[in-house]
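Asker: For reference, the structure I am asking about is given below.
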Amino acid sequence: MKKYIDTGKKDTRSGFGAGLTELGKTHPNVVALCADLTGSLKMDEFKENHPERFFQVGIAEANMMGLAAGLTIGGKIPFTGTFANFSTGRVYDQIRQSIAYSGKNVKICASHAGLTLGEDGATHQILEDLGLMKMLPGMTVINTCDYNQTKAATMAIANHDGPVYLRFGRPKVANFTPADQVFEIGKAIQLQEGNDVTIIATGHLVWEALIAAEHLAAQGIHADVINIHTIKPLDAKAILASVAKTGCVVTAEEHNYLGGLGESVSRVLAQNHPAPQEYIATLDTFGESGTPEQLMEKYGLNAAAIENAATKVIARK
């Protein structure tokens, strides 16, 4: 099986910062707005290089979304930056009314998503944001897996016409995708090939899926591993091609199983190719304080859980 090498753990939010810095050099219409979290969102370098294109709005996230929508009217490409909870739940009305409804070209960039926000606890660990955003008509929803992919996605969405939700995280995680990759919105990436079970993962769970696949291979179980970085539009063709081979699927995400990647995959299967499915996700619950590693283990969002789910779903075929 193909081996993937962790070239050194990096936080995905830094991938966003690096991508934004590159956009500052090549896209003069790109502007950045931040809600008092410039350091946390790694937007400092863009701010230093382009102070006239950076807007610090303070702790006023709803106002930030309205400003971003307005800037698009003059041809600007605004990138907003704050925590995922404040990028969605706190400002859902403004996004729906001012951005999504009129198809404004705003890039909503959200850090510190999911349980891996860690010690900040349940009030900050949003686990329903993918569902909130994918239900908005016309909204593209992206959830990247490592530093390199986040940087590439940040640069790619500047060339996409329409609203985008880009989700990434706080902790340092394995950096294993190519540094020179071209990010294709809506195009799944097959990481491993196998005929026994399909494992579809997004975000931080992609690396865990690869670890699980390696453990399964040692038991003679060969997994198709697919990185679904774009939740919407979903690459249904890639999903159906894989499940046609394997006959069963495990979905893995750092998100509530209600409304996330798993439900999107279930819809595709129900409409086209019904097959047994197991979900690796939080089970309709809020998070709690703890280290990222403690929380991912407690809530069953790791390689061991994916491996167990794969064994279980194979038995259901």
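Since every read-out is calculated from the coordinates, none of them should be taken as a lab result. Computed from a prediction, not measured in an experiment: that's the story for all the values here. Here the Cβ is made from the backbone with ideal geometry for all residues, glycine too, and neighbour counts use every protein chain on show.
Asker: Treating only the Cβ of Lys, Arg, Asp and Glu as charged (+1, +1, -1, -1), what charge dipole size does segment 45-179 show about its Cα centre? Round to the nearest 20 debye.
Answerer: 240 debye
Asker: Let me ask something else about it. Regarding segment 10-173, what is the average projected area of its C-alpha convex hull, in nm²? It would help to have the intermediate numbers written out before the result.
Answerer: Values: hull surface 32.3 nm².
So the mean shadow area of the Cα hull is 8.1 nm².
Asker: As a check on your grasp of the helix formula, calculate [θ] at 222 nm for the chain: sum -39500 (n - 2.57) over DSSP H runs of n ≥ 4, divide by the residue count, round to the nearest 500.
Answerer: Calculated mean residue ellipticity at 222 nm is -10500 deg cm²/dmol.
Asker: Which residue, LEU269, LEU301, LEU117, tops the fluctuation ranking in a GNM of the chain built on C-alpha contacts under 10 Å?
Answerer: Of LEU269, LEU301, LEU117, the Gaussian network model singles out LEU269 as fluctuating most.
Asker: Now, a different point. Would you mind checking which residues have amide H under 5 Å from CYS248's amide H? H placed 1.01 Å from N; only 5 or more apart, or other chain.
Answerer: Distant-sequence amide H within range of CYS248: THR198.
Asker: Can you tell me the length gained on complete extension of the stretch THR291 to ASP93, counting 0.36 nm per residue apart and subtracting the Cα distance?
Answerer: Details: separation 198, 0.36 × 198 = 71.28 nm, distance 3.19 nm.
Full extension from THR291 to ASP93 adds 68.1 nm.
Asker: Could you work out how far apart the two model spin labels at LYS187 and LYS25 are, taking each label as a point 7 Å from the Cα in the direction of the beta carbon, and quote it in nm?
Answerer: 2.3 nm
Asker: When the chain is treated as a GNM, springs tying every alpha-carbon pair under 10 Å, which of ALA174, ALA303, ALA244 comes out with the largest mean-square fluctuation?
Answerer: Judging by the Gaussian network model, the answer is ALA244.
Asker: Explain nothing, just the number: dipole magnitude of the chain about its Cα centre with +1 on each Lys and Arg Cβ and -1 on each Asp and Glu Cβ, in debye rounded to the nearest 20.
Answerer: Roughly 680 debye, rounded to the nearest 20.
Asker: Distance between Cα centroids, segment 233-310 to segment 95-163: provide it in whole Å.
Answerer: Rounded to whole Å, the Cα centres lie 19 Å apart.
Asker: Using alpha carbons only, how many degrees (0 to 90, rounded to 10) separate the axis of helix 303-315 from the longest principal axis of the chain?
Answerer: 50 degrees
Asker: Find which of ALA158, ALA62, THR144 sits farthest along the positive direction of the dipole of segment 10-173, computed with +1 on the beta-carbon of Lys and Arg, -1 on that of Asp and Glu, about the Cα centre.
Answerer: Of ALA158, ALA62, THR144, it is ALA158.
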